[in-house]
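Novice: Sharing a structure with you now.
The values are calculated or read from the model by the stated rules, or taken from the named source; none is laboratory data. Quick caveat, the model's predicted, so the values are computed rather than measured. Heads up, the Cβs are rebuilt from the backbone with ideal geometry, glycines too, and the neighbour counts pull from every protein chain shown.
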């Protein structure tokens, strides 16, 4: 069966500016094409960024906050519960699929009795002390309340099983193919105010959040500032750490520039000499898949699902180690043949990764299993 014959699927997400929102948009588009009646519920900003309605879905604003907030959570729960009910209180959903722990928590409290709940776990929660205990309790509620959990890395599968998940499966999230480049590398560098083609361009992609470890990258950039020519590090992304990271750049003198949210990742990848990621944790990172496909050599931390994605096609370093990051980048800058080897290995590795169609097939199979579609 290739269609869902009007099955009513609700996709729920919290705050997102990157991979989670793009993944939900991809699912919404695929389901709409398969004749499902798709409703996306999430913060209004996600519709502006990802255009769910343009993918064929209905959008209902549900302001799920980024952090635990009892007042905001209660408001979001009431809003989602209302969306999941039709006229006269009838059930308006055949399945609810929440993305992330925060969305899963609200969806668990909102879904009507008898409606299956799928939760995709996109991230580990990084906290300490009392906050970690509170978040751990919330994770347990979500894990035990979901009929089925999909996890983007093997370590998340292990965690959700320990939390009491009933049916927990690995579900990689393939990156959609980026659009073709529209500008030359020289055009991109000119926009960045860097006309010296000899100057190495190091690109990082990711929201400005502690999980992404950009402070480590800034320290590594500072350690390489005396090279001739001096590398230029650029970070494409926005987030709550902007001011803090900018202060670190000023204090250390690191040659780092913040680009904010960008829609021209393909152009940036084509212009870059190296892609660098210093994350504390990643699941099945889109940036790594995009870097491999582009043939841009990748330096990344050996965390979460990164090794499974890149295999031998990247230079992997420990997390929280600016010296190791700086050394790995310097070695690649000094060895054009090594960069060429990584470039070819990346393209070969990317060719064997799951496609968006593979990911959509898994989602459809799960939905059919739970709804009988």
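Novice: Name the single residue that is surrounded by the most Cβ atoms within 10 Å (Cβ to Cβ) among those in region 101-151 being modelled with pLDDT of 95 or more and closer than 19 Å to residue 25 by Cβ.
Specialist: 107
Novice: Give me a count of the residues in region 344-372 that are crowded, with 19+ Cβ neighbours inside 10 Å, in contact with a strand residue (DSSP E or B) (Cβ under 9 Å, 6 or more places away or on another chain) and over 30 Å from residue 295 (Cβ atoms).
Specialist: 2
Novice: So residue 356 passes all but one of these: (1) modelled with pLDDT of 95 or more; (2) under 28 Å from residue 29 (Cα atoms). Which condition number does it fail?
Specialist: It is condition (1) that residue 356 fails.
Novice: Residues to consider are 118, 106; find the one that is touching a strand residue (DSSP E or B) at 6+ places or on another chain (Cβ under 9 Å), more than 18 Å from residue 309 (Cα to Cα), part of a strand (DSSP E or B) and not assigned by TED's automatic domain parsing to the domain that holds residue 209. Show your work before the answer.
Specialist: Details: 106 fails: part of a strand (DSSP E or B).
Unique residue meeting the criteria: 118.
Novice: Restricting to strands (runs of 3 or more DSSP E) lying wholly in region 1-100: which have 1 or more residues that are in contact (Cβ under 8 Å) with a residue 40 or more places away in the chain and closer than 21 Å to residue 356 by Cβ?
Specialist: Result: 8-13, 37-42, 95-99.
Novice: A follow-up question, please. Test residue 216 against the criterion of being part of a helix (DSSP H, G or I) and free of Cβ contacts under 8 Å to residues at least 60 places away in the same chain, and give yes or no.
Specialist: no
Novice: Based on what the data block shows, is residue 324 free of Cβ contacts under 8 Å to residues at least 60 places away in the same chain and touching a helix residue (DSSP H, G or I) at 6+ places or on another chain (Cβ under 8 Å)?
Specialist: In short, no.
Novice: If you take the residues of region 198-212 that are assigned to a loop (DSSP other than H, G, I, E, B), modelled with pLDDT of 90 or more and within 21 Å of residue 226 (Cβ to Cβ), which of them is nearest to the chain's Cα centre (by Cα)?
Specialist: If we take residues in region 198-212 being assigned to a loop (DSSP other than H, G, I, E, B), modelled with pLDDT of 90 or more and within 21 Å of residue 226 (Cβ to Cβ), then 200 is nearest to the chain's Cα centre (by Cα).
Novice: Output the residue which, of all residues in region 11-24 that are more than 17 Å from residue 105 (Cα to Cα) and surrounded by fewer than 24 Cβ atoms within 10 Å (Cβ to Cβ), is nearest to the chain's Cα centre (by Cα).
Specialist: Only one residue fits best here, namely 19.
Novice: So the check is Cβ under 7 Å with 6+ separation or different chains; which pairs have a first residue in region 235-250 that's surrounded by fewer than 14 Cβ atoms within 10 Å (Cβ to Cβ) and a second one that's modelled with pLDDT under 95?
Specialist: Here the result reads 240/208; 240/209, each pair linking region 235-250 to a residue that is modelled with pLDDT under 95.
Novice: Mind checking which helices (runs of 4 or more DSSP H) fall wholly inside region 126-197 and carry at least 3 residues that are within 23 Å of the chain's Cα centre (by Cα) and touching a residue at least 40 places away in the same chain (Cβ under 8 Å)?
Specialist: Numbers: elements: 129-145, 154-163, 185-191.
In region 126-197, the matching helices (runs of 4 or more DSSP H) lie at 129-145, 154-163.
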